[in-house]
Amino acid sequence: MDPQVAGTASRRSLYRRSAPVRRYALAQAAGICESCNQPALFVTLRGEPYLEPHHTRRFSDGGPDDRRFVGVVCPGCHREIHHGLHGPVKNERLVEAIRQKERDSDT
Ligand SMILES: [Zn+2]
């Protein structure tokens, strides 16, 4: 298989694996950014609040596909986490916020 095709296939399987976790995270977030705790900026054509899934641990670093490592955030927070000076701090706070939510939902 040529590398380009292999790349496409692995991205597709990544997407498939992530979908249930992403849906679960979106449902749990209930339209609120898990980083800044503000409501989603807009509602999509499908009638869902627009939030972006963010992997707090990158797959390339061996990060597991697990709710504990997937947050849903507004586009501004997502960009800041990836490109901002305080991105790493924001990312760690997000990890803690998800952990707290999972603890609350277990009780
Ligand atoms: Zn936000």
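The values are calculated or read from the model by the stated rules, or taken from the named source; none is laboratory data. Please read these numbers as outputs of a predicted model, since none were measured by experiment. As a convention, Cβ positions derive from the backbone with ideal geometry for all residues, glycine included, and neighbour counts pool all protein chains shown.
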Residue 41 passes all but one of the listed conditions (1) at pLDDT below 95; (2) assigned to a loop (DSSP other than H, G, I, E, B); the exception is number (1)
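One line per residue, one yes/no per condition, for (1) surrounded by 15 or more Cβ atoms within 10 Å (Cβ to Cβ); (2) within 12 Å of the ligand (Cβ to nearest atom):
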| residue | (1), (2) |
| --- | --- |
| 27 | no, no |
| 37 | no, yes |
| 73 | yes, yes |
| 79 | no, yes |
| 96 | no, no |
| 107 | no, no |
Exclusive hit being modelled with pLDDT under 95, part of a loop (DSSP other than H, G, I, E, B) and more than 14 Å from the ligand (Cβ to nearest atom), set 68, 46, 22: 46
